[in-house]
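Here the structure comes first, spelled out in structure tokens, and everything after it is commentary.
The numbers here are math on the coordinates, done by the rules we state, and not lab data. Note that the coordinates shown come from a computational prediction; the quantities given were computed from them, not determined experimentally. Cβ: placed from backbone, ideal geometry, glycine included. Neighbour counts: every protein chain shown.
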Amino acid sequence: DANNIQQVFSSDKHPTLWHALPVLKQLLSVWEKKKDDPHYALYIKALEAGIAKILKYYLMLDMKPAFVLALCMFSLSYFIDK
């Protein structure tokens, strides 16, 4: 999970900030499912702490000027390149 998500933000050629909200939402969803899975009962406190931390930053990122600008720039570059 976390390794795959980290790779989304790894790029030498393209900006990746616009990935932030969808990827954080995906990570939250996966960890919330694991929190309810009996196989991860030993890790419930760690998952809850991780979910709380990700949610904190997810809510802080929502509609911040830098994120909105990155999303707009990516959208424009996508259509210009096509």
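Some points to look at:
- Neighbour net charge for A52 - beta-carbon separation under 12 angstrom, K R +1, D E -1: +2
- Summed residue charge, Cβ within 10 Å of Y40's Cβ, Lys/Arg positive, Asp/Glu negative: +1
- Calculated from backbone phi, Karplus (6.51, -1.76, 1.60) coupling profile of segment 29-45 in Hz, x at Gly/Pro: 4, 5, 5, 5, 5, 5, 4, 8, 8, x, 5, 10, 4, 5, 10, 4, 5
- In sequence order, segment 47-58 has phi-based couplings of 5, 4, 5, x, 4, 4, 5, 5, 4, 4, 6, 4 Hz under the Karplus curve 6.51 cos²θ - 1.76 cosθ + 1.60, θ = phi - 60°, and Gly or Pro positions carry x.
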